[in-house]
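Below you'll find the structure, written out as structure tokens, and then a few comments.
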Amino acid sequence: MSNKHCNILIKSVIVVYCFLGFSVSAQEMVDELISAVRMNQVDVVTAFLTRGMDVDTADSSGNTLLMIASREGHFDLSKHLLDQRAKVRIRNGFGETPIMFAALRGHLEIVKLLQAYGGEINHSGWTPMHYCAWGGHSDICRFLLEKGANIDARSANGTTPIMMAARQGHLETVKLLLANAADANLHNDAGATALNWALKAENSEVAEFLRQSGAR
């Protein structure tokens with residue numbers, strides 16, 4: 001069945017159920033809505049929202065529709081949800097925001113979109129900078145820095161973005177961060193530096209570059 005026919009079928013079922021007064025559980029509606037977001041079915045999502053579903057509906061982990069759309073790279077759907085006043089700064093149960101998901105997955109245009117709609121770049125705990133550094137998405141790290149992101153943002157346990165990049169072996173991201181004056185000699189709560197992370201993960205090329213740059 002094509003996506004178009006699937007959309008029509010789902011909407012028709014909803015309309016018939018409501019017209020006939022059949023009982024459809026709230027959880028079933030939520031599950032259908034979340035599934036439509038994952039599948040980038042904008043028409044189906046619009047139909048649910050038009051019939052009163054909350055634009056900030058979330059799954060069991062607290063991931064909202066906007067978080068899911070941002071994570072999956074659905075630009076048009078993300079913009080549609082934002083235009084319907086989805087909360088751009090909302091957090092899930094792990095403290096993650098829509099822009100953090102987009103940064104982690106490497107969706108630069110969605111990161112730009114969310115930032116333009118007020119998505120936070122600097123806040124307590126893990127930040128979008130941590131997430132793009134972990135993913136090795138230097139283009140996103142560069143954009144966030146241009147918008148004023150804290151290059152040495154510290155998570156609750158003291159981890160910085162350059163530690164994340166070093167741990168994952170993302171040499172180009174490490175170079176970018178150092179070129180923008182990241183402090184490679186900061187320690188996390190366990191006493192580890194970016195160099196320690198690179199050595200522990202056996203990322204020898206990153207470790208050597210960090211040493212040559214004065215990291216200890």
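Every number here is computed from the coordinates shown, using simple stated rules; none is lab data. Since the structure is predicted, the reported quantities are computational estimates derived from the model, not experimental observations. Virtual Cβ from ideal backbone geometry, glycine too; neighbours counted across all protein chains shown.
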Query - In degrees, nearest ten, helix 26-38 long axis to first principal axis of the chain (Cα) - result: 60
**Report entry** Greater than 29 Å apart at Cα, pairs in 87/147; 147/175; 112/200; 79/200; 87/175
**Finding:** 112/200; 79/200; 87/175
**Report entry** Residue exposure sequence - 123, 130 - by fewest surrounding Cβ within 10 Å
**Finding:** 123, 130
Report summary line: Counting only DSSP loop positions in the range 24-118, the trypsin sites (Lys or Arg not before Pro) whose Cβ has at most 13 other Cβ atoms within 10 Å are 51, 85, 89
Requested in this report: For the range 169-216, just say rounded, prolate or oblate: build the C-alpha gyration tensor, square-root its eigenvalues into a ≥ b ≥ c, call rounded for a/c under 1.5, and beyond that prolate if a/b exceeds b/c, oblate if not.
Outcome: oblate
Report task. On each of the three principal axes of the Cα atoms of the chain, give max minus min coordinate, whole Å, ordered largest first. Result -> 72, 30, 28
Report summary line: Sites removed, the longest contiguous part of the chain containing no DSSP-loop chymotrypsin sites (Phe, Trp or Tyr not before Pro) with at most 12 other Cβ within 10 Å is 95-216
Report summary line: Of all trypsin sites (Lys or Arg not before Pro) in the range 114-197, the ones in DSSP coil with at most 12 other Cβ atoms within 10 Å are none
